[in-house]
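Undergrad: The structure follows.
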Amino acid sequence: MEVVESSSFAAKRNNPDYLSVDKVSKQFGGFTAVNNVSLTIKKGEIFALLGASGCGKSTLLRMLAGFEKPSSGDIYLQGDQINNLEPYQRPINMMFQSYALFPHMTVEQNLAFGLKQDKLDKSKIQKKIDEMLSLVQMEHLKARKPHQLSGGQQQRVALARSLIKEPKLLLLDEPMGALDKKLRARMQLEIVNIIESLGVTCVMVTHDQEEAMTMADRIAIMNAGEISQVGTPSEVYEQPNSRFTAEFIGSVNILEGVVKVDEPNYVTIHCNDTEADVYIGHGITCFEGQPVAVALRPEKVAISSYAPDQKYNYVTGVVKEIGYFGSHSVYHVELPSGKEMLVTALNDIRWGNERLTWGDTVWVHWDDNAAVVITE
């Protein structure tokens, strides 16, 4: 998986907390949907809540919007507690997955609706509409109604309507869910550019890992109502703090083992699935004899038809399946123990008959810093 981190995030790191979620929980009867969640989000940041269905991310977003009230805990926006404010009292706008455009109104009328509700004068309304239509490149379609627009065009109108009132916080609920894969990839970057050009602080909910990695400055991984890890896309992918995060983000090989040698500058781990011990080229917080898991991303692993010249970090196997994706292939290698490992290899050789194929005996190997050791 390609990890993309916004270039503007470095400038946001030093900003004070803009949105604060302090020990927030939400119960529905005897069920806890959100359990003691605390988060801080900085001004201008695009922050993603990522998790599987039922993990609590949408409930948390709805509490930010005011559609649900916390059972306990507090939510602050720019230092002001907003727990008890109704949705219409909060300086927050939300863009829904369905877009919720008024079908009987034109694009221009959809954008004008909220401004008219605020009783702005006509000249100011028109100026804001013109500016927003220009920003989302929809000037030539302002007289069309939603059913006359493509999915991507409808999405831009919905985003423009959410931004036109200059909210202090923008909430996106599965923003790309209704789009096809190609359009989704293009719109992800378009939306980021629009949001960042306005300096709007944004919290988005998604179950799509690539969407979160592409759009967000930071990501919170949610599981069973709790936050498992918060970090930049590269941090949660390259440095998972738990087995759940490692397995949830992207593809990963997990080798079970026991710490054999624990030194300040290296560690060796005995794994039943590998002929050689696993060597980690740096110290970790552990003790000899401790059970651990070794996490290896498929792209961090090499595959060859010959034995590597190394003492550690290799295993033999047989190619059982090959997934061809054009730019790269994914090899499914069955180890002698019966465990399967995934290896991602670039297709930098043009002719297919020069590549490894089904049934080949291969060596899978990796360097000293490729693996992450997980103790929980």
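Undergrad: Between rounded, prolate and oblate, where does the chain land on the alpha carbon gyration tensor, with a ≥ b ≥ c its root eigenvalues, rounded for a/c under 1.5, else prolate if a/b exceeds b/c?
TA: prolate
Undergrad: I've got another one for you. Please build a GNM for the chain, connecting alpha carbons under 10 Å apart, and tell me which residue among Ile349, Ile303, Ile221 fluctuates the most.
TA: For the chain, modelled as a Gaussian network with Cα springs under 10 Å, the answer is Ile349.
Undergrad: OK, next. When the chain is treated as a GNM, springs tying every alpha-carbon pair under 10 Å, which of His104, His332, His270 comes out with the largest mean-square fluctuation?
TA: Per the Cα network of the chain with a 10 Å cutoff, His104 tops the list.
Undergrad: In straight Cα distance, which lysines are under 21 Å from Lys124, not counting same-chain residues fewer than 8 positions off?
TA: Straight-line reach from Lys124, under 21 Å: Lys116, Lys142, Lys165, Lys168.
Undergrad: So, one more: What nm distance separates the two modelled labels at Phe113 and Asp22, each placed 7 Å from Cα along Cα→Cβ?
TA: 3.6 nm
Undergrad: Could you compute the FRET efficiency for Ser53 and Thr375, with r as their C-beta to C-beta distance and R0 at 25 Å, rounded to 0.05?
TA: In this case the efficiency is close to 0.30.
Undergrad: Can I ask one more? Using only the alpha-carbon atoms, how far is helix 151-163 inclined from the longest principal axis of the chain? Give it as 0 to 90 degrees, nearest 10.
TA: Helix 151-163 sits roughly 60 degrees off the main axis of the chain.
Undergrad: Can I ask one more? If each residue of separation counts as 0.36 nm, what is the full-extension length gain between Lys165 and Asp360 once their alpha-carbon separation is subtracted?
TA: 64.1 nm
Undergrad: Still on this structure, I have one more. Which aspartates and glutamates does Lys23 reach when only Cα atoms under 17 Å apart count, and residues fewer than 8 places away in its own chain are ignored?
TA: Those aspartates and glutamates meeting the cut-off are Glu68, Asp74, Asp80, Glu226.
Undergrad: Using only protein heavy atoms and a 1.4 Å probe, report how much of Val373 is accessible, in Å² to the nearest 10.
TA: Accessible area, nearest 10 Å²: 30 Å².
Undergrad: Still on this structure, please answer the following. Quick one: putting +1 on the C-beta of Lys and Arg, -1 on the C-beta of Asp and Glu, what dipole do you get for the range 159-216 around its Cα centre, in Debye to the nearest 20?
TA: 180 debye
Undergrad: Give, rounded to the nearest 20 debye, the magnitude of the charge dipole that the range 203-285 has about its Cα centre when Lys and Arg contribute +1 at Cβ and Asp and Glu contribute -1 at Cβ.
TA: Result for the range 203-285 is approximately 180 debye, rounded to the nearest 20.
Undergrad: If you don't mind, there's one more thing I want to ask. Within the chain, what's the longest run with no trypsin sites (Lys or Arg not before Pro) in a DSSP loop and at most 11 other beta-carbon atoms within 10 Å? Give the range, please.
TA: 120-310
Undergrad: Still on this model: Farthest toward the dipole's positive end in the range 108-242, which of Thr214, Ser234, Leu163, given Cβ charges of +1 (Lys, Arg) and -1 (Asp, Glu) about the Cα centre?
TA: Leu163
Undergrad: To the nearest 10 Å², what's Asp368's accessible area with a 1.4 Å probe?
TA: Taking all protein chains as shown, Asp368 has close to 70 Å².
Undergrad: Can you give me the long-range amide H partners of Arg218? Hydrogens built in the peptide plane at 1.01 Å from N, cutoff under 5 Å, separation of 5 or more residues or another chain.
TA: Long-range HN contacts for Arg218: Ile46, Ala48.
Undergrad: Sticking with this one: Send over a whole-number figure in Å² for the accessible area per residue of the chain, probe 1.4 Å.
TA: On a per-residue basis, the chain sits at 48 Å².
Undergrad: Two decimals is fine: what's Rg over Rh for the range 283-376, C-alpha atoms, Kirkwood radius as Rh?
TA: Ratio of gyration radius to Kirkwood radius for the range 283-376: 1.01.
Undergrad: If amide hydrogens are placed 1.01 Å from N in the peptide plane, which non-local residues have theirs closer than 5 Å to the one on Asn223?
TA: Under 5 Å from the amide H of Asn223: Ser228.
Undergrad: Give me the angle, in degrees from 0 to 90, between the Cα long axis of helix 122-135 and the longest principal axis of the Cα atoms of the chain, rounded to the nearest 10.
TA: It works out to around 20 degrees.
Undergrad: At a Förster distance of 25 Å, what's the computed FRET efficiency of Leu198 paired with Asn84, Cβ-Cβ distance as r, to 0.05?
TA: The computed FRET efficiency comes out at 0.30.
Undergrad: Let me ask something else. So, with +1 on the Cβ of K and R and -1 on the Cβ of D and E, and no other charges, what is the size of the charge dipole of the chain about its Cα centre, to the nearest 20 debye?
TA: 2160 debye
Undergrad: Taking the Cα centroid of the range 28-88 and of the range 203-256, what is the distance between the two, rounded to the nearest whole Å?
TA: 19 Å
Undergrad: Which shape class, rounded, prolate or oblate, goes with the range 217-376 when its Cα gyration tensor gives a ≥ b ≥ c as root eigenvalues, a/c under 1.5 marks rounded, and past that a/b bigger than b/c marks prolate?
TA: The shape class here is oblate.
Undergrad: Compute the acute angle (0 to 90°) between the alpha-carbon long axis of helix 181-198 and the principal axis of greatest extent of the alpha-carbon atoms of the chain; round to the nearest 10°.
TA: Orientation of helix 181-198: about 60 degrees from the principal axis.
Undergrad: Also: Considering only protein heavy atoms and a 1.4 Å probe, what is the carbon-and-sulfur percentage of the accessible area of the range 7-246?
TA: 48 percent
Undergrad: Now, a different point. Need one value: the accessible area of Glu210 in square angstrom, 1.4 angstrom probe, rounded to the nearest 10.
TA: Roll a 1.4 Å probe over it and Glu210 shows about 100 Å².
Undergrad: Quick query: amide H of Asp360 versus all other amide H atoms, modeled in the peptide plane; which residues come in under 5 Å with a sequence gap of 5 or more or a different chain?
TA: Val319
Undergrad: Further question on the same structure: Determine the percent antiparallel among the DSSP beta bridges restricted to the range 7-246, to the nearest 5.
TA: In the range 7-246, approximately 55 percent of DSSP beta bridges are antiparallel ones.
Undergrad: So between Asp309 and Phe325, what do we pick up on full extension, going 0.36 nm a residue minus the alpha carbon distance?
TA: Gain in length upon complete extension: 2.8 nm.
Undergrad: Further question on the same structure: What shape does the range 167-272 take by its C-alpha gyration tensor, where a ≥ b ≥ c are the square roots of the eigenvalues and a/c under 1.5 counts as rounded, a/b above b/c as prolate, and the rest as oblate?
TA: prolate
The values are calculated or read from the model by the stated rules, or taken from the named source; none is laboratory data. Note that the structure is predicted; figures quoted are calculated from it, not measured. Cβ sites come from the backbone with ideal geometry, for glycine too, and all protein chains shown count toward neighbours. All accessible areas refer to the heavy atoms of the entire protein, side chains included, with ligands and DNA or RNA removed. Shrake-Rupley method; radii C 1.70, N 1.55, O 1.52, S 1.80 Å.
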